[in-house]
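Just so it is clear, none of the values below were taken in a lab; they were calculated from the coordinates. Owing to the predicted nature of the structure, the values given are computational and were not obtained by experimental measurement. Because the Cβ atoms are built from the backbone with ideal geometry, glycine has one as well, and the counts that use them run over all protein chains shown.
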Amino acid sequence: MLPGVIGLLQATDALKLILGIGSTMMGKLILYDALNTEFRELEIRRDPNCAVCGKNPEIKDFIDYDEFVATGAVCSVAHA
Ligand SMILES: [Zn+2]
């Protein structure tokens, strides 16, 4: 049931992005507590020194995941 709830949120966001309507979860982390039926929303700020989305990105293509995590040079929430 939980994957269905999260999948519905993601699919809805994808449609909104494609159609260019509404507001999306971009830049936010949504936490869903299924036991208490509660959502919490956290804003995620971009790390200006991030190797992927920072001001001077060094990683611009797909890389090996283990190598990617080991660098420690990327936003832990946004890219891990
Ligand atoms: Zn980043």
**OP:** Report, in deg cm²/dmol and to the nearest 500, the calculated mean residue ellipticity at 222 nm for the chain, where each DSSP H run with n ≥ 4 adds -39500 (n - 2.57) and the sum is divided by the residue count.
**Re:** -10500 deg cm²/dmol
**OP:** Taking 7 Å along the Cα-to-C-beta vector as the label spot, tell me the Y32-K16 distance in nanometres, rounded to one decimal.
**Re:** 1.4 nm
Subject >> Under 9 Å, Cβ to Cβ, from G27 - net charge with Lys/Arg +1 and Asp/Glu -1 >> reply: +2
**OP:** Calculate the dipole size of the chain relative to its Cα centre from +1 charges on Lys and Arg beta carbons and -1 charges on Asp and Glu beta carbons; express the result in debye to the nearest 20.
**Re:** 340 debye
Subject >> Helix axis angle, 2-19 relative to the chain longest principal axis, alpha carbon, degrees >> reply: 70 degrees
Subject >> Protection proxy ranking of 31-41, 49-59 - average other beta-carbon atoms within 10 Å, highest first >> reply: 49-59, 31-41
